[in-house]
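These notes are about the structure you will find just below.
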Amino acid sequence: MALPGQTRVWAASVAENAAAATARRGELDRSETRRAGLFRRFADVDRFLVAHVSLRDVLGTVLGTPPGRLVIDREPCAACGGPHGRPYLPGRPVHFSLAHAGDLVLVAVAPVPVGVDVEDLPSDALVHETLAGLHEDERDELLALPRAARPTAFARCWTRKEAVLKSTGQGLAHGARLPYVGTAAEPARTAEHQVYDLPVPPGRVAALALWTG
């Protein structure tokens, strides 16, 4: 699909890139290496390494810098001020976002704050458990659908919200009620973001949000 300006999204398969990412583990910084070491399941380690090596590859290509020399820092959290906010490259005029689910890793790069999210389709039980946290209009939209159609519609809504909230650095600290992004086939317009649904393999849903405010 066409995205505006210099916004780009790259996709990577964990299974196809795990061995190469493991071999390049030394290119990660101290924080990334520490986080990789916290995982206990090999599949989670592989997913983390592919995601962060892919991110460094993309940013290195965009900026013409060796991936291992990039300095990735964190802004203060927009919700609490802690040191776990939106990642950024000090002194570099590029914004980026990273997401992964199952075998799929997505990296988004843009000239404005950007968020990307990808999720596996949820179970009907998870939709039911999470429904109350959405905007009331989104809840009504989902409940009006046949039960079999709700997981896909819910996933569309959730990835759109996550993408917007990742672009602001706020995350889910204040819940998932706002912003209203809708559950229909086309994202609803928001006051400060343009939201796009991204094409991904069956069984998953993805979205990207660009700050326009």
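The values are calculated or read from the model by the stated rules, or taken from the named source; none is laboratory data. Owing to the predicted nature of the structure, the values given are computational and were not obtained by experimental measurement. Positions of Cβ are backbone-derived with ideal geometry, glycine not excepted, and every protein chain shown enters the neighbour counts. Note: accessible area is taken over every heavy atom of the protein model, side chains too, but ligands, DNA and RNA are not part of it. Shrake-Rupley method; radii C 1.70, N 1.55, O 1.52, S 1.80 Å.
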message: So, in segment 62-85, exactly how many residues are at pLDDT 95 or above and among the small types (Gly, Ala, Ser)?
response: 2
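Right, residue 59: modelled with pLDDT of 95 or more, in contact with a Leu (Cβ under 9 Å, 6 or more places away or on another chain) and closer than 22 Å to residue 210 by Cβ or not?
yes
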task: Those residues that are open to solvent by 10 Å² or more (accessible area, probe 1.4 Å) and out of contact with any strand residue (DSSP E or B) (no Cβ under 8 Å at 6 or more places or on another chain), I need them from segment 109-130; list them, please.
output: 122, 123, 124, 125, 126, 128, 129, 130
- prompt: How do the pairs read when you match residues in segment 131-143 that are of a type in the set (A, V, I, L, M, F, W, C) with residues anywhere that are loosely packed, with under 11 Cβ neighbours inside 10 Å and part of a helix (DSSP H, G or I), using Cβ under 9 Å and keeping only pairs 6 or more apart or on different chains?
  reply: 131/143
- request: Could you tell me which residue of segment 74-102 is farthest from residue 29 (Cα to Cα), considering only residues that are small (Gly, Ala, Ser) and loosely packed, with under 15 Cβ neighbours inside 10 Å?
  value: 81
- prompt: Among 135, 128, which is the only one that is modelled with pLDDT under 95 and either of a type outside the set (A, V, I, L, M) or in contact with a helix residue (DSSP H, G or I) (Cβ under 6 Å, 6 or more places away or on another chain) (or both)?
  reply: 128
message: Could you check segment 131-177 and list, in sequence order, the residues that are of a type in the set (A, V, I, L, M), assigned to a helix (DSSP H, G or I) and either open to solvent by less than 10 Å² (accessible area, probe 1.4 Å) or closer than 15 Å to residue 207 by Cα (or both)?
response: 142, 153, 155, 163, 164, 165
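From the set of residues in segment 22-53 that are of a type in the set (Val, Ile, Thr) and open to solvent by less than 50 Å² (accessible area, probe 1.4 Å), which is nearest to residue 95 (Cα to Cα)?
Keep residues of segment 22-53 that are of a type in the set (Val, Ile, Thr), which gives 22, 33, 45, 50, 53.
From what is left, the residues that are open to solvent by less than 50 Å² (accessible area, probe 1.4 Å) are 45, 50, 53.
Details: 45: 25, 50: 20, 53: 17 Å.
Selected residue: 53.
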query: Do you know which of the residues in segment 186-196 that are open to solvent by less than 70 Å² (accessible area, probe 1.4 Å) and in a loop (DSSP other than H, G, I, E, B) is nearest to residue 151 (Cα to Cα)?
result: 187
query: Is there any pair with a first residue in segment 15-29 that is charged (D, E, K, R) and a second that is not in a helix (DSSP H, G or I) whose Cβ atoms are under 7 Å apart and which are 6 or more apart or on different chains, and what are they?
result: 29/72
message: Name the single residue that is nearest to residue 113 (Cα to Cα) among those in segment 198-213 being touching a residue at least 60 places away in the same chain (Cβ under 8 Å) and surrounded by fewer than 24 Cβ atoms within 10 Å (Cβ to Cβ).
response: 211
- line: Among 56, 69, the single one that is basic (Lys, Arg), open to solvent by less than 40 Å² (accessible area, probe 1.4 Å) and either farther than 20 Å from residue 113 by Cβ or within 21 Å of the chain's Cα centre (by Cα) (or both) is 56
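If you scan segment 74-127, which residues turn out to be among the hydrophobic types (A, V, I, L, M, F, W, C) and within 11 Å of residue 166 (Cβ to Cβ)?
First, the residues of segment 74-127 that are among the hydrophobic types (A, V, I, L, M, F, W, C): 77-80, 89, 94, 96, 98-99, 101, 104-110, 112, 114, 116, 118, 121, 125-127.
Within segment 74-127, 78, 96, 98, 99, 108, 114, 116 qualify.
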- line: residue 6: passes all of (1) in contact (Cβ under 8 Å) with a residue 12 or more places away in the chain; (2) among the polar types (S, T, N, Q); (3) open to solvent by less than 70 Å² (accessible area, probe 1.4 Å) but (3)
